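Undergrad: I'd like to ask some things about the structure below.
The values are calculated or read from the model by the stated rules, or taken from the named source; none is laboratory data. Not measured: the values here are computed from a predicted model. Glycine also receives a Cβ, built like all others from the backbone with ideal geometry; neighbour counts cover every protein chain displayed.
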Amino acid sequence: MVLADLKVVLKVAECRSITGAATQLDMRTSTASAALKRVEASLGVELFIRTTRQLRISNAGEKYIPQCEQALLLLEQAEQNMKEDQEAVEGELRIALSSDLGRNLVTPWLDEFMDKHPKIRLRAHVSDSNIDFYRDTVDMALRYGKPDDANLYGFKICNVPGLLCASQDYLDEHGTPSHPQQLLAHNGLFYQLHDILHDVWWFEKVDNEGNEKAGAVEKIKMSGNRASNDGDLVRRWCVSGKGLAIKSCLDISADILTNKVVNVMPHYTPRSSELWLVFPSRQSIKPAARLLRDLLKEKTREILDKLINKGVADKTVFD
């Protein structure tokens, strides 16, 4: 029995499929099947019950696989401790990124990360659609929103307030709204994903101290002449004066800080979110991924500090 075979067993348990495990591990199905048979032959038990329609973990597998997982984690940690002593970080980073955040902020951070760790290889999947870890060959995803799947693992990077933004040219021509109801006279720029148009905007009233007033929620059904499934394009429309858009403060940060757009109705806050680095399994959290997590926290904090100094965010982003 070898470690590579045990890793195949864990991946089969995770995917509930020998074919799916082989795809994730970039090997032939026959190779993964042979590895599984070697482990089962060595143990003298079947770890999985196979039928023509499904594969499930046997009673023996239920006992063996969690302990096997813990053992491999200990071995990986021991290997990492040795590598850290040698200051060696290597391997492949396969990461999914949203279009706006990925292109305009995270890509330069990844360049910096790879310059510091030249043995790292990068594969970036850029899309605003949520990644399917079992279909798309990625090890991690940087996404907005806390994972709602209990099978996923993740690290929270930061809180991310939403901002209602427009260019000053647009506001000079169409007026600056001071209350959500006044938005009905304005042109909305919408994000659309899977044929769902996000044209209903919610706002919470905040006081001068930035505290939300309980129950003071405004819901507005907007109209507009532009929509896209690409968040970066929505941002570009906003910067070019085509209308108003709700954007994550990170996505729009460079334009806010250089006064290409302004924060509209600061006493009414749109939706806020959280930024998470998400993994399909604990085995996917490699040493390089942990270093990347630390870099993301550092870089986002620098931006949030600048937005606080600009007056478009407050220190609750660090809660």
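Undergrad: How many of the residues making up the stretch 219-263 are assigned to a loop (DSSP other than H, G, I, E, B), touching a residue at least 40 places away in the same chain (Cβ under 8 Å) and either crowded, with 21+ Cβ neighbours inside 10 Å or small (Gly, Ala, Ser) (or both)?
TA: Selection size over the stretch 219-263: 8.
Undergrad: Tally time: how many residues in the stretch 169-202 are within 17 Å of Lys247 (Cα to Cα), touching a residue at least 40 places away in the same chain (Cβ under 8 Å) and among the polar types (S, T, N, Q)?
TA: 1
Undergrad: If you go through the stretch 140-181 one residue at a time, how many are of a type in the set (Lys, Arg) and crowded, with 20+ Cβ neighbours inside 10 Å?
TA: 1
Undergrad: Also, quick follow-up: Tell me the residue from Ile252, Ile303 that is within 27 Å of His179 (Cβ to Cβ) and either among the small types (Gly, Ala, Ser) or outside the structural domain of Gln24 (by TED's automatic domain parsing) (or both), please.
TA: Every option except Ile252 fails the conditions.
Undergrad: What number of residues in the stretch 12-42 are in contact (Cβ under 8 Å) with a residue 24 or more places away in the chain and in a helix (DSSP H, G or I)?
TA: Qualifying residue count for the region: 14.
Undergrad: Here is a further query. If you go through the stretch 133-180 one residue at a time, how many are in contact with a Gly (Cβ under 8 Å, 6 or more places away or on another chain) and under 19 Å from Ser253 (Cα atoms)?
TA: 5
Undergrad: Moving to a separate point now. In this structure, does Lys63 turn out to be part of a loop (DSSP other than H, G, I, E, B) and either within 25 Å of Ser17 (Cβ to Cβ) or modelled with pLDDT under 90 (or both)?
TA: Answer is no for this residue.
Undergrad: Could you list all residues from the stretch 87-121 that are part of a loop (DSSP other than H, G, I, E, B) and under 16 Å from Asp251 (Cα atoms)?
TA: Of everything in the stretch 87-121, just one residue is part of a loop (DSSP other than H, G, I, E, B) and under 16 Å from Asp251 (Cα atoms), namely Ser98.
Undergrad: Please work out if Leu307 is of a type in the set (A, V, I, L, M, F, W, C) and within 18 Å of Gly154 (Cβ to Cβ).
TA: no
Undergrad: Sticking with this structure for a sec: Within the stretch 179-218, can you find the residues that are under 24 Å from Ser273 (Cα atoms), of a type in the set (Gly, Ala, Ser) and either part of a strand (DSSP E or B) or at pLDDT 95 or above (or both)?
TA: Answer for the stretch 179-218, where residues must be under 24 Å from Ser273 (Cα atoms), of a type in the set (Gly, Ala, Ser) and either part of a strand (DSSP E or B) or at pLDDT 95 or above (or both): Gly188, Ala214, Gly215, Ala216.
Undergrad: Could you run through the stretch 50-81 and say how many residues are farther than 20 Å from Gln283 by Cβ and surrounded by 13 or more Cβ atoms within 10 Å (Cβ to Cβ)?
TA: Qualifying residue count for the region: 3.
Undergrad: Here's a follow-up. Does at least one position in the stretch 71-93 carry a residue that is closer than 30 Å to Ile196 by Cα, in the same structural domain as Leu291 (by TED's automatic domain parsing) and not hydroxyl-bearing (Ser, Thr, Tyr)?
TA: Among the residues of the stretch 71-93, not one is closer than 30 Å to Ile196 by Cα, in the same structural domain as Leu291 (by TED's automatic domain parsing) and not hydroxyl-bearing (Ser, Thr, Tyr), which makes the answer no.
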